[in-house]
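The values are calculated or read from the model by the stated rules, or taken from the named source; none is laboratory data. As the structure is a computational prediction, the values presented were derived from the model and not from experiment. Cβ coordinates were reconstructed from backbone atoms using ideal geometry, including for glycine residues, and neighbour counts include every protein chain displayed. The protein model used for the area step is the full one, side chains on, heavy atoms only, and it has no ligands, DNA or RNA in it. Shrake-Rupley method; radii C 1.70, N 1.55, O 1.52, S 1.80 Å.
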Amino acid sequence: MDEKQRYESGMSVRRSVLGDKHVDRSLEKITDFNGEFQEMITRHAWGDIWTRPGLERHTRSLITLAMLIALNREEELAMHLKAAKNNGVSRSEIKELLMQSAIYCGFPAANSAFHLAESLWDELGTESLL
């Protein structure tokens, strides 16, 4: 796959996982300063990794959530908590992931993630939950 194909493939997956509204908002915020970085994210994170056949998107979503909890990256965690639904991740699976993260990432990290998830779900409404 050449760089253009990798970008296009990555953009397709990015839209599928995060949703068109989110991606469109991100694209609207591209500047001379961050443009190359945004392109790199699309090509490599979404085009190289999320398109690989070795794991289903559902699994990749759970792995991503766990890593973001461990790294304490709340903004990215919020984005991927919202997107997890698009990959078939259920609320009960997220609960189990958060429970396990308490042991491996620490109770404060899990506690923050629980609060964030509940806040997002309150904001989105129960009809948006699986």
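Kindly provide the set of residues from the range 112-127 that are of a type in the set (S, T, N, Q) and surrounded by 12 or more Cβ atoms within 10 Å (Cβ to Cβ), ordered by number.
Once the filter is applied, which keeps residues that are of a type in the set (S, T, N, Q) and surrounded by 12 or more Cβ atoms within 10 Å (Cβ to Cβ), the range 112-127 yields Ser112, Ser119.
Can you tell me which of (1) closer than 22 Å to Phe114 by Cβ; (2) among the polar types (S, T, N, Q); (3) touching a Ser or Thr at 6+ places or on another chain (Cβ under 7 Å) is the one Ser9 doesn't meet?
With respect to (1) closer than 22 Å to Phe114 by Cβ; (2) among the polar types (S, T, N, Q); (3) touching a Ser or Thr at 6+ places or on another chain (Cβ under 7 Å), Ser9 is out only on (1).
Condition first: closer than 16 Å to Val89 by Cα and either modelled with pLDDT under 95 or open to solvent by less than 50 Å² (accessible area, probe 1.4 Å) (or both). Now tell me which residues in the range 45-57 satisfy that.
Taking the range 45-57 and keeping what is closer than 16 Å to Val89 by Cα, we get 50, 55-57.
Result: Trp50, single match.
Just one of (1) open to solvent by 50 Å² or more (accessible area, probe 1.4 Å); (2) under 27 Å from Leu116 (Cα atoms); (3) among the β-branched types (Val, Ile, Thr) trips up Thr42, so point out which.
Unmet condition: (1).
Considering only residues that are open to solvent by less than 70 Å² (accessible area, probe 1.4 Å) and over 29 Å from Ala109 (Cα atoms), which ones fall in the range 19-29? Please lay out each step first, then the result.
First, the residues of the range 19-29 that are open to solvent by less than 70 Å² (accessible area, probe 1.4 Å): 19, 22-24, 26-27.
Matches in the range 19-29: Asp24, Leu27.
Could you please find all residues in the range 71-111 being among the aliphatic types (A, V, I, L, M) and either in contact (Cβ under 8 Å) with a residue 60 or more places away in the chain or surrounded by fewer than 14 Cβ atoms within 10 Å (Cβ to Cβ) (or both)?
Kept after step one, since they are among the aliphatic types (A, V, I, L, M), are these residues of the range 71-111: 71, 77-79, 81, 83-84, 89, 94, 97-99, 102-103, 109-110.
Correct list: Leu71, Met79, Ala83, Met99, Ile103.
Residues are listed down the side, and each one gets a yes or a no for (1) basic (Lys, Arg); (2) closer than 18 Å to Glu118 by Cβ:
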position: Arg15; (1), (2): yes, no
position: Gly19; (1), (2): no, no
position: Phe33; (1), (2): no, no
position: Glu36; (1), (2): no, no
position: Ala83; (1), (2): no, yes
position: Glu96; (1), (2): no, yes
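With respect to the numbered conditions (1) of a type outside the set (D, E, K, R); (2) closer than 26 Å to Glu96 by Cβ; (3) assigned to a helix (DSSP H, G or I), which one is the sole condition not fulfilled by Leu55?
All conditions are met except number (3).
Could you please find all residues in the range 7-44 being within 18 Å of Val89 (Cβ to Cβ) and either free of Cβ contacts under 8 Å to residues at least 60 places away in the same chain or not small (Gly, Ala, Ser) (or both)? Spell out the reasoning first.
From the range 7-44, those within 18 Å of Val89 (Cβ to Cβ) are 13-19, 22; that's our starting set.
Passing the criteria: Val13, Arg14, Arg15, Val17, Leu18, His22.
So Leu130 fits all but one of (1) at pLDDT below 95; (2) in contact with a Phe, Trp or Tyr (Cβ under 6 Å, 6 or more places away or on another chain); what number is the exception?
(2)
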